[in-house]
Amino acid sequence: MVDSADNILNFQRPPYSAKNPGAAALDLVYQAAELIGDVDNYAAERQARAENLAKQAIEKLKIADDRVRSAESGRRAAEAEIKEFSDRVEKELSVKLQKVEEAMEQTASRIAATEAQLSAAEQRARTAEIRANEAENALKRIEEAIRSRILAKMPGNSSRRAATAA
């Protein structure tokens, strides 16, 4: 018989073994059979427990594998979304940058044209000022010439001529 607490085999001799050796042998055979049955039962229980633990471990591994696959799928989907977003933002920025560059080129062209117009206008203004000064000087000479000739021909203007000459 197996004492499960200590895992110790106990082979006790029944008290009648000395009187009837055949009965004692038969009793030992029954005890051995009972012991073998107990060991078989214990082994079967252990086998069932091991199989149950193996099934549970396999099920947990399947669940973990499913989670890993799901996480990897989610990661790939997130990476695809990030790439799509990044590509879209990059494209939008490229378009906006192109527009800004075009606007800057147009502005630079307008500034250059405006500066050229301003320079031409300043040159025309200087030329006009020079011509206006020349015209004013010519007008003063003409006026002086007219005065001197007209006044000189007028009788009695000798005192005015002297005042005008001074």
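Bear in mind these aren't lab numbers, they're just calculated from the coordinates by the rules spelled out. Computed from a prediction, not measured in an experiment: that's the story for all the values here. With ideal geometry, Cβ positions are generated from the backbone for all residues, glycine too; neighbour counts draw on all protein chains shown.
Details
- Thr114 paired with Val29, simple spin-label distance in nm, labels 7 Å along Cα-to-beta-carbon: 12.4
- Cα-projected label distance for Lys96 with Glu144, points at 7 Å along beta-carbon direction, nm: 7.1
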